[in-house]
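Presented below is the structure to which this report refers.
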Amino acid sequence: MKPIVRIGLVFGLIYMIIRIVFFQAQLDQNELGKMLTFCNLLLVMLAIFFAVRTSHKAQKAEERTFIADFKAGMQAAGVYIVVFSCFYMLYYKVIDTDFLSGQVAKRVHNDLELINHEIAGGKKVFIYDDGAVKLENSLLSEISTPRDTIDFYYERYQKNLTFHQSYNSITFDISVSVLGLLILSLFYSVCISVLIRRFSGKLTV
């Protein structure tokens, strides 16, 4: 196995371990869960750094080029992203099957809480139950809001729910994450390649 490929695999496995630890300790259910994003960005950056450094050292001084260093960084990032993508496909389907539906429920609950407070004085006229937005008709007589307004918000939140469910699909979530990692990897590879060449005294392309 090539050293650069191995670097990408190692850092991908490190992220997998961190993610599973967070899941087992239920740390992803609170504010600490945001640290996973920073861990992801840090690990892909470190993978690129060590790949570029390894490639740079492996080349003879007169053969070292920016393009070779950049390719090494992107190769390691590519391996990392493949590991990341495959892991999350399994994670969402096998390990934490309720994660995405939980994210939808959290967003919808927050939306409905605001609208219930605004038009119903805090009474739970709109509720989210069994994956659907429902209307508690028994409470309508207790509020002064016109029925047309209630129907308008009901239809609106039905559409919002459809949007949230599409936005939080496995395919969409992984696609956005992969695209973000690719863009950052390009940026990291350019910056790290330039910095390593600068500190080694080589800036020629």
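FYI, it's all coordinate maths here, none of it is from the lab. The structure displayed is predicted, hence computed values, not measured ones. Don't worry about glycine lacking a Cβ; one is built from the backbone with ideal geometry, like all the others, and counts go over all protein chains shown.
Remarks
- Projected area averaged over orientations for segment 72-120, convex hull of C-alpha atoms, nm²: 4.9
- In terms of surrounding Cβ atoms within a 10 Å radius of their Cβ, F187, F38 rank from fewest to most as F38, F187.
- Theoretical gain in end-to-end length, C39 to L27 [0.36 nm per residue, Cα-Cα removed]: 3.0 nm
- Summing +1 for each Lys or Arg and -1 for each Asp or Glu among the other residues whose beta-carbon sits under 14 angstrom from that of V83 gives +2.
- Cβ crowding within 10 Å ranks S175, S189 as S175, S189, fewest other Cβ atoms first.
- Ranked for footprinting exposure by Cβ neighbours inside 10 Å, fewest first, K71, K159 give K159, K71.
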